[in-house]
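The values are calculated or read from the model by the stated rules, or taken from the named source; none is laboratory data. Owing to the predicted nature of the structure, the values given are computational and were not obtained by experimental measurement. Cβ placement follows ideal geometry from the backbone for every residue including glycine, while neighbour counts extend to all protein chains displayed.
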């Protein structure tokens with residue numbers, strides 16, 4: 001099964017699942033490494049001696065759940081991206097699942113994504129709580145998703161669902177692309193008014209008639225707010241662009 | 001959520017962000033900036049975005065010169081994410097009355113003595129700089145090529161990001177609801193997100209500075225007045241400098257983005273904090289602009305807006321502490337030029353708060369100058 005599909009069996013998953021008791025205590029690593037591969041950075045990177053010493057480099061790792069602190073160092077050191085951290089103490093209802101993610105673009109913190117299981121099937125919506133990409137991670141960013149507790153051993157990937165590309169123009173008057181908009185959201189701009197002021201989107205001749213809803217949609221996606229509840233920008237005069245000379249008379253507005 | 005800070009700055013405009021950056025740069029830890037909406041949402045983000053060193057008093061000239069020199073290197077100094085779009089296209093300030101001619105010649109002499117490279121021009125010479133002007137309406141002009149424009153949002157963002165790098169905390173969408181004092185000293189700030197105890201409060205709240213002052217029991221002698229601006233569609237570059245006239249009541253500049261921004265003052269503008277737009281402004285502005293810069297009559301207006309000038313009686317800012325309340329500092333009353341003075345405000349306020357000798361003497365810009373009757377009247381304000 002695993003060799004053909006890349007999907008481990010139920011029995012294989014059960015064999016590496018931490019006990020309920022251990023999961024109630026805090027973050028812990030889940031090592032989903034089911035093949036004998038000559039590879040041991042998980043062992044060499046663990047500072048707590050939680051991964052048993054390899055007698056033969058082809059061995060599969062064996063984790064001592066009680067020694068594991070869930071620090072996540074093995075997650076970024078595993079070349080196979082086979083290690084995850086789950087933390088069922090994150091909140092009353094949610095668990096945190098930390099996923100190594102070597103793709104671009106990285107999601108930004110605060111957005112909602114579709115969480116997928118090991119088969120790539122959608123499981124639930126999940127909030128990206130943190131995106132860690134420090135130098136020591138050596139280009140293996142770690143994305144922390146908040147998921148309903150019962151899915152902590154299910155969610156292993158996610159989909160940033162979108163059919164626009166980063167080069168799609170959102171504001172045609174001021175030429176703001178979706179990629180630039182996302183970068184502004186990533187920087188912390190979280191309302192239509194803030195986006196408008198910093199980027200000029202919505203300040204062109206059409207006065208936001210094209211881009212307003214598109215920006216709101218993207219903000220809604222990123223912040224989890226409902227569009228109908230989000231604050232709008234001020235509608236300013238004039239309703240239609242008008243020549244200065246037409247205001248004083250004497251110049252045709254066409 | 002209650003906490004403690006060494007300094008609380010009220011106001012997330014250019015002044016507050018610049019003060020926070022300068023204090024943090026001097027090693028002050030645990031600084032909190034409180035902003036009612038988002039950064040640059042008030043007067044900073046509504047201003048005409050110009051910067052000039054052509055002032056009529058030594059004090060304003062020096063403050064503006066310090067700021068201009070800072071902005072010339074700000075992209076590097078602040079390690080900006082977005083270029084602040086500083087364009088030094090100059091300011092051409094036209095004289096329309098004999099009295100202005102006389103005053104402007106004095107201004108040029110003063111500015112030159114302070115190292116500001118302003119020149120006095122005949123109407124013909126002025127027309128060479130802005131060919132589309134009607135030179136018959138003017139008697140002369142002064143021109144300083146180092147004056148210009150910069151983007152208020154990017155500039156404020158640059159100060160804020162640089163301040164954050166140094167550990168400053170920004171609380172946006174947070175409203176100050178009260179200020180606590182004990183034995184003549186500041187003790188803290190109440191906000192809708194909790195109480196912050198602090199020995200130092202800086203009032204950099206722009207149009208709301210008077211209200212913040214009242215919360216601390218300090219009467220700040222300022223009032224907020226609405227000023228309006230309009231902006232046109234962007235076009236190819238055709239006017240480098242700002243065109244400005246006090247007597248004819250206009251300032252008009254093309255931004256690097258291509259749009260023209262223009263505004264004017266009006267003594268009848270309301271002082272009740274309203275920032276709605278009026279059709280009278282649009283009509284008057286169009287009339288003035290078409291008369292003085294006829295070519296621009298073909299440009300389309302796409303938007304108008306309003307913001308608050310926080311006026312003092314002598315059109316100079318109020319800087320420094322107050323005698324009635326220890327730990328309470330004012331950086332307000334910029335009378336329409338707070339954005340351009342941002343760098344000077346930050347540096348001088350940080351120096352004042354830390355008890356250092358200030359780079360420019362601002363001792364006579366304190367609040368009590370009005371009680372003492374020591375006004376420094378500025379003749380050059382739109």
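Structure data summary
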{"read-out": "Residue count for region A:223-245, restricted to those that are assigned to a loop (DSSP other than H, G, I, E, B) and either more than 14 Å from chain B (Cβ to nearest Cβ) or more than 19 Å from the chain's Cα centre (by Cα) (or both)", "value": "14"}
{"read-out": "Matching residues, region B:278-319, being within 23 Å of residue A:252 (Cβ to Cβ), facing chain A (nearest Cβ under 7 Å) and in contact with a strand residue (DSSP E or B) (Cβ under 7 Å, 6 or more places away or on another chain)", "value": "B:282, B:289, B:296, B:297, B:298, B:299, B:300, B:301, B:302, B:303, B:304"}
{"read-out": "Filter result (in contact with a strand residue (DSSP E or B) (Cβ under 6 Å, 6 or more places away or on another chain) and within 14 Å of chain A (Cβ to nearest Cβ)) within region B:12-25", "value": "B:12"}
{"read-out": "Residues of region B:1-18 that turn out to be more than 21 Å from residue B:326 (Cα to Cα), assigned to a loop (DSSP other than H, G, I, E, B) and at pLDDT 95 or above, as a count", "value": "2"}
{"read-out": "Unique match (being outside any loop (DSSP other than H, G, I, E, B) and outside the structural domain of residue B:339 (by TED's automatic domain parsing)) among B:142, B:187", "value": "B:142"}
{"read-out": "Residue A:50 vs. criteria assigned by TED's automatic domain parsing to the domain that holds residue A:95, touching a helix residue (DSSP H, G or I) at 6+ places or on another chain (Cβ under 9 Å), modelled with pLDDT of 95 or more and closer than 15 Å to residue A:154 by Cα", "value": "no"}
{"read-out": "Any hit, region B:260-277, residues being touching a residue at least 24 places away in the same chain (Cβ under 8 Å), facing chain A (nearest Cβ under 10 Å) and crowded, with 22+ Cβ neighbours inside 10 Å", "value": "yes"}
{"read-out": "So residue A:39, is it modelled with pLDDT of 95 or more, under 20 Å from residue A:142 (Cβ atoms) and surrounded by 12 or more Cβ atoms within 10 Å (Cβ to Cβ)", "value": "no"}
{"read-out": "So residue A:220, is it surrounded by 18 or more Cβ atoms within 10 Å (Cβ to Cβ), more than 9 Å from every other protein chain (Cβ to nearest Cβ) and either without any contact (Cβ under 8 Å) to a residue 24 or more places away in the chain or not in a helix (DSSP H, G or I) (or both)", "value": "no"}
{"read-out": "Leading residue by the ranking (nearest to the chain's Cα centre (by Cα)) among those in region A:144-174 that are buried (at least 16 other Cβ atoms within 10 Å of the Cβ) and within 14 Å of chain B (Cβ to nearest Cβ)", "value": "A:171"}
{"read-out": "Residue in region A:53-60 that is in contact with a strand residue (DSSP E or B) (Cβ under 7 Å, 6 or more places away or on another chain) and within 30 Å of residue A:135 (Cβ to Cβ) present", "value": "no"}
{"read-out": "Odd one out for residue A:196, checked against (1) closer than 18 Å to residue B:234 by Cα; (2) assigned to a loop (DSSP other than H, G, I, E, B); (3) more than 8 Å from chain B (Cβ to nearest Cβ)", "value": "(2)"}
{"read-out": "Residue within region B:67-74 that is within 14 Å of chain A (Cβ to nearest Cβ) and closer than 30 Å to residue B:17 by Cβ present", "value": "no"}
{"read-out": "Region A:89-111 residues that are on the phi > 0 side of the Ramachandran plot, paired with ones that are surrounded by 19 or more Cβ atoms within 10 Å (Cβ to Cβ) (beta carbon under 7 Å, 6 or more apart)", "value": "A:110/A:128; A:110/A:222"}
{"read-out": "Qualifying helices (runs of 4 or more DSSP H) (wholly inside region B:19-98; at least 3 residues being more than 23 Å from residue B:179 (Cβ to Cβ))", "value": "B:58-72, B:74-77"}
{"read-out": "Members of region A:1-24 found to be surrounded by fewer than 16 Cβ atoms within 10 Å (Cβ to Cβ) and over 18 Å from residue A:119 (Cβ atoms), listed by number", "value": "A:15, A:19, A:20, A:21, A:22, A:24"}
{"read-out": "Odd one out for residue A:177, checked against (1) away from chain B (no Cβ under 14 Å); (2) touching a residue at least 12 places away in the same chain (Cβ under 8 Å); (3) touching a strand residue (DSSP E or B) at 6+ places or on another chain (Cβ under 7 Å)", "value": "(2)"}
{"read-out": "Filtered residues of region A:199-211 (kept if within 16 Å of residue A:168 (Cα to Cα) and modelled with pLDDT under 90)", "value": "A:210"}
{"read-out": "Exclusive hit being over 29 Å from residue B:250 (Cα atoms) and either at pLDDT below 95 or away from chain A (no Cβ under 14 Å) (or both), set B:94, B:28", "value": "B:28"}
{"read-out": "Residues of region B:61-80 classified as closer than 26 Å to residue B:365 by Cα and buried (at least 17 other Cβ atoms within 10 Å of the Cβ), total", "value": "11"}
{"read-out": "Flag for residue B:160 being modelled with pLDDT of 95 or more, assigned to a helix (DSSP H, G or I) and in contact with a strand residue (DSSP E or B) (Cβ under 8 Å, 6 or more places away or on another chain)", "value": "yes"}
{"read-out": "Test: residue in region A:107-126 that is assigned to a loop (DSSP other than H, G, I, E, B), over 16 Å from the mean Cα position of the chain (by Cα) and more than 22 Å from residue A:8 (Cα to Cα)", "value": "no"}
{"read-out": "Residue identified as touching a strand residue (DSSP E or B) at 6+ places or on another chain (Cβ under 8 Å), in a helix (DSSP H, G or I), away from every other protein chain (no Cβ under 14 Å) and at pLDDT 95 or above among B:217, B:207", "value": "B:207"}
